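A.B. asks: Just passing along the structure, written as structure tokens.
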Amino acid sequence: MKIKIAEDIASLNKAFTEWMKTILSQQEEITLALSGGSTPKSLFDYWAKHHATDIDWEKIKFFWSDERCVPPTDNESNYKMAKEHLFDRIAIPEEHIFRIYGENDPEKEAKRYAEVLKREIKTVNGIPSFDILMLGMGEDGHTASIFPLQIHLWDSEELCIVGTHPITGQKRISLSGKTINAAQNVAILVAGEAKADKVKEIIESKETAQKRYPAAKVSPTSGNLVWFMDREAAKKLAAE
Ligand code: 6PG
């Protein structure tokens, strides 16, 4: 596991993008799972503004690590956010975008999306293995849409699960731990002081944290893991 600490969110976006470009340069095509929430929004804006032409976007097939069970027109939709901040601004072939149909029946959609992954993504040990998997972390230590109260879902035998937001009750489709840890390159992007306590707990007391927080269970079987964080999120880490 590597930790890259950036001065601020702009530098975090830059560091992640340079990391992604290195991986892109080594392969003909890339499967990339986007995370949702607000952190990736600024990354997508950064890409649209500074990298519309120097990244071969046509090499990338876009997926999601999770999606809220809402229509694609709903402001809660991770697809809607990516469309407005990235796809509408950088020419990306429609056939390279594999959205999760959050508006469908959640259990049925989790199964359908798992079939899409099996069809579109190369497998490692029989499990679809993303070339790049983006994740975020909530203040409660959730990642993708696996929340601490439902940490058992991490160990599902399924490739995709249906999670439930602990406060709103919103259903969400999410990759399971099995699929997350099968990825070749996993990046967890974390920004802001509100996450500093969890970052410290997960980085410095991983064993106990793994019992409580899904984000602590991200540990690629054979792939790489990089935590990209800004100074605020890293502020409680013991000095190197
Ligand atoms: C989602 C995400 C979720 C997110 C964290 C952090 O659909 O919301 O995938 O896991 O990454 O909640 O979100 P922020 O970046 O908004 O803090």
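The values are calculated or read from the model by the stated rules, or taken from the named source; none is laboratory data. On a predicted model such as this, the values are computed, not experimentally measured, just so you know. Please note: Cβ atoms are built from the backbone with ideal geometry, for glycine as well, and neighbour counts cover all protein chains shown. Ligands, DNA and RNA are stripped out before the accessible areas are found, and what is left, the full protein with its side chains, is counted by its heavy atoms. Shrake-Rupley method; radii C 1.70, N 1.55, O 1.52, S 1.80 Å.
A.B. asks: With a 1.4 Å probe and every protein chain left in place, work out the accessible area per residue of the chain in Å², rounded to a whole number.
C.D. replies: That works out to 45 Å² per residue.
A.B. asks: Which value, in debye to the nearest 20, describes the size of the charge dipole of segment 158-240 about its Cα centre when Lys and Arg Cβ atoms bear +1, Asp and Glu Cβ atoms bear -1, and nothing else is charged?
C.D. replies: It works out to roughly 240 debye.
A.B. asks: Share of Cα-Cα pairs in segment 2-46 beyond 12 Å, in percent?
C.D. replies: Summing the P(r) of segment 2-46 above 12 Å gives 67 percent of all pairs.
A.B. asks: For segment 1-69, with the dipole built from +1 on Lys and Arg beta-carbon atoms and -1 on Asp and Glu ones, taken about the Cα centre, which of PHE62, HIS50, GLY36 lies farthest toward the positive end?
C.D. replies: GLY36
A.B. asks: Can you pull a Stokes-Einstein diffusion coefficient for segment 81-201 at 37 °C (0.692 mPa s), Rh from Kirkwood over Cα pairs, as a whole number of µm²/s?
C.D. replies: Stokes-Einstein gives a translational diffusion coefficient of 210 µm²/s.
A.B. asks: Another question about this same structure. Ratio of alpha-carbon Rg to the 2.2 N^0.38 Å globular estimate for the chain, to two decimals, please. Can you show the working numbers first?
C.D. replies: On the way: Rg = 16.5 Å, N = 240, 2.2 N^0.38 = 17.7 Å.
Ratio of Rg to 2.2 N^0.38 Å for the chain: 0.94.
A.B. asks: Tell me, what % of the accessible area of the chain is carbon and sulfur with a 1.4 angstrom probe?
C.D. replies: It is 48 percent, rounded to a whole number.
A.B. asks: Between segment 1-74 and segment 180-198, how many Å separate their Cα centres?
C.D. replies: 13 Å
A.B. asks: Consider just the alpha-carbon atoms of segment 142-240 and return their Rg together with their Dmax, both in angstrom.
C.D. replies: Cα radius of gyration and Dmax of segment 142-240 are 13.6, 40 Å respectively.
A.B. asks: Rg/Rh for segment 1-135 to two decimals, with Rh computed the Kirkwood way over all alpha-carbon pairs.
C.D. replies: Ratio of gyration radius to Kirkwood radius for segment 1-135: 0.95.
A.B. asks: For ASP105 and ASP45, what does the FRET efficiency come to when R0 = 30 Å and r is the distance between their Cβ atoms, rounded to the nearest 0.05?
C.D. replies: 0.35
A.B. asks: So, one more: I need the calculated FRET efficiency for the pair GLU58 and THR123, taking r as the beta carbon distance and R₀ as 25 Å, to the nearest 0.05.
C.D. replies: Rounded to the nearest 0.05, the efficiency is 0.60.
A.B. asks: Another question about this same structure. Quote the charge dipole size of segment 82-220 about the Cα centre in Debye, to the nearest 20; the model charges only the Cβ of Lys and Arg (+1) and of Asp and Glu (-1).
C.D. replies: Computed about the Cα centre, the dipole is about 200 debye.
A.B. asks: Which translational diffusion coefficient, to the nearest whole µm²/s, is obtained for segment 133-193 from the Stokes-Einstein equation, given a Kirkwood hydrodynamic radius over C-alpha pairs, 4 °C and 1.567 mPa s?
C.D. replies: Translational diffusion coefficient: 108 µm²/s.
A.B. asks: Let me ask something else about it. Have a look at the DSSP beta bridges in segment 142-240 and tell me what percent are antiparallel, nearest 5.
C.D. replies: Beta bridges within segment 142-240, antiparallel portion: roughly 50 percent.
A.B. asks: Would you work out the relative contact order for the chain, in percent, from Cα pairs under 8 angstrom that are 6 or more residues apart?
C.D. replies: Worked out over the chain, it gives 23 percent.
A.B. asks: Roughly how many debye, to the nearest 20, is the charge dipole of the chain about its Cα centre, given +1 on each Lys and Arg Cβ, -1 on each Asp and Glu Cβ, and no other charges?
C.D. replies: Working: 32 positive and 37 negative charges, 81 e Å.
Result for the chain is approximately 380 debye, rounded to the nearest 20.
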